[in-house]
1. What do you reckon, is Arg431 surrounded by 15 or more Cβ atoms within 10 Å (Cβ to Cβ) and either over 30 Å from Gly575 (Cα atoms) or under 41 Å from the mean Cα position of the chain (by Cα) (or both)?
2. Give the residue that is modelled with the highest pLDDT, with candidates limited to residues of region 201-211 that are in a helix (DSSP H, G or I) and more than 23 Å from Gly245 (Cα to Cα).
3. Being of a type in the set (S, T, N, Q) and without any contact (Cβ under 8 Å) to a residue 40 or more places away in the chain is the filter here, so list the residues in region 324-365 that pass it.
4. Determine whether Val142 is in a strand (DSSP E or B) and modelled with pLDDT under 95.
5. I'd like to verify a number: residues in region 453-492 that are touching a residue at least 12 places away in the same chain (Cβ under 8 Å) and part of a helix (DSSP H, G or I), how many?
6. I'm trying to understand the selection: among the residues of region 315-349, which are assigned to a loop (DSSP other than H, G, I, E, B) and over 25 Å from Leu471 (Cβ atoms)?
7. Here are the criteria: (1) in the same structural domain as Gly331 (by TED's automatic domain parsing); (2) on the phi > 0 side of the Ramachandran plot; (3) among the hydrophobic types (A, V, I, L, M, F, W, C). Tell me which single one Trp274 does not satisfy.
8. Name the residues in region 563-578 that are touching a helix residue (DSSP H, G or I) at 6+ places or on another chain (Cβ under 6 Å) and of a type in the set (Ser, Thr, Tyr), would you?
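The values are calculated or read from the model by the stated rules, or taken from the named source; none is laboratory data. Only a predicted model underlies this, so the values are computations on that prediction, with no experimental measurement involved. Positions of Cβ are generated from backbone atoms using ideal geometry, with glycine treated the same way; all protein chains shown enter the neighbour counts.
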Amino acid sequence: MQPERQSMPADDLPTGPARAQYVRTLFDTIARRYDLMNRLMTLGRDAAWRKIAASAVIGPETRTVLDVGAGTGDLSLAVADAMPDGGRIVALDFAAEMLGVARTKLQRRAVGQDDQPAVVVLPVQGDALALPLRADACDALVTAFTVRNLADLDGALAEFQRVLRPEGRLASLEITAPTMPVFRTIFRYYFRHIVPLVGAAVAGSGAAYRYLPASVQAFLSRRQLQRCLQAAGFAQVTARSLALGTIALHTGTQVAQPQQQADLVIEAVPAHEWDDLVLSLPGAHLLQGAAWAAAREQLGWTPQLLAFRRAGRLVGIALVLRRPLPVPGLGIGYVPKGPILAEWSSEAVGDVARALAVWAQDHRVLWLKLDPDVEAHNGAVARELEAAGFLPAEEQVQLPATMLVDLRGSEDELLARMHSKWRYNVRLAQRRGVQVRKGSTDDLVTFYRLYEETAARDGFVIRPLDYYRVLWEHLRREQGAALLLADVAGETVAGLVVCRYGRRAWFLYGASGARHRRDQPNHLLQWRAMQWAREHGCVTYDMWGAPTELREDDPLWGVYRFKRGFGGRYVRWLGAYDYVPHPRLNRAWQAALRLYRRLTIQGGA
């Protein structure tokens, strides 16, 4: 006798009508032990996933819900619990034995429910490919662990579309293969070898639980199913990862005229095409440029250059940086001063934010931080980010505010817009012989020594010289950055780095020593940087850094006073927003990080 196989190759799965009959027979066989096996396989977490799916589609106006592949009725009951004002749920399944278990549960639930709003659950035997409901009959449609079993997925999605009313919500729970390398190996072994053994012992059917991993292997990935839902005409399609990536919750919305509601399409852009795309948008930012991406890659990040289009039209772009953590498969994500959108409409912000949330789930990041170059008063952007699951970040990366100097007009007009004392200091520096020259890579060491002195004097933290060398080489070569140094009597006493991107220039880093400060080298350096920016076609000079609140007790007040004198406009940014796809993992990581910091500080490291 041949030993019983512990797994079923995906190629052995039946297709078409034979698939439907095969699946029906399997589920009828295991109906009485189906719930027990679910609890054992998921350690009891399947009930929580169903509650999450129910809450994703149930709203105040929800009255009629269709549960496709209702099985033993657990999802229908979770939906009923989420409908406080009553309603009707059609629990549809093609396996009669599974529905028999559901009817028993419903009878038990009916006891003691007299004082609550009536939620009628109707078990119905039927086929997902020919739903026994009229068009637009449902406010919501839910399905759990069903779509991978369907003989014709496209046909079923067309039926889902038919019975959902406009603006009706869809939620689908399905098993997926995890992407985290170590966990993926453990899960695959558990799924292919342990589960069939347990299924044979508990449910009396090893065949059904050999089919389970084979059907998952043969089915679509989380992203592929998301695209399939979009192609079927659903809008606002999201894919949320649960249970370390083993479960996917897809949600979407039925639209009144799908042909007029083109979905957002995400595409990866080659590096050599990236800057042209970014610079075609208003508000192009240096930190979203190709040079910044290349520099960050050399410093240990993995950049992805993403464009978002709808019906062929560019909606926006995002340079997304991912850095691995010392835990296999996990990382963190950051969109520096991005995304950048063609128009900051509510629809565009929401769609791009949801697309980036999906990216965060697919790329196993503990958090994804967005840091759009949007002013703080833009409450509409903040609301859309929060609606997409992004929350104001506790830890900011960029400085909270800046001073923007308008470079348009003649040089005399620019000088006239400065404070009179600042004009005087620019001219005083020239009279006292301060010379400003362009530095080379060889001058970085000199600049860095001054930068170290500045950091020690003003109390801020700087990075090692190699970090700035990498940034400088990429920015100088690709964006035309300039290192400007101020010399007095042959001695370099101050310097700054200025960089342009499009029609905007940024004052990135500034340094000065203790000697010759009375000769006002910093005032002349800023003026020369503005002149350099104008020569390169820039109309705005971003002085990069100002206080969050304009109070004299703010640590950046002195910086603000210096920059204000050049005639700039104070701008406070919206700030960073975080999306945390795996809150428990993130909390565990943050706790481990705090412990590590405490131990290393105590150990003197």
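1. no
2. My answer is Ala201.
3. As a first pass, look at region 324-365 and keep what is of a type in the set (S, T, N, Q): 345-346, 361.
Within region 324-365, Ser345, Ser346 meet the criteria.
4. no
5. Within region 453-492, residues that are touching a residue at least 12 places away in the same chain (Cβ under 8 Å) and part of a helix (DSSP H, G or I) number 17.
6. Across region 315-349, the qualifying residues are Val327, Pro328, Gly329, Leu330, Ala342, Glu343, Trp344, Ser345.
7. Condition not satisfied by Trp274: (2).
8. Matches in region 563-578: Tyr577 only.
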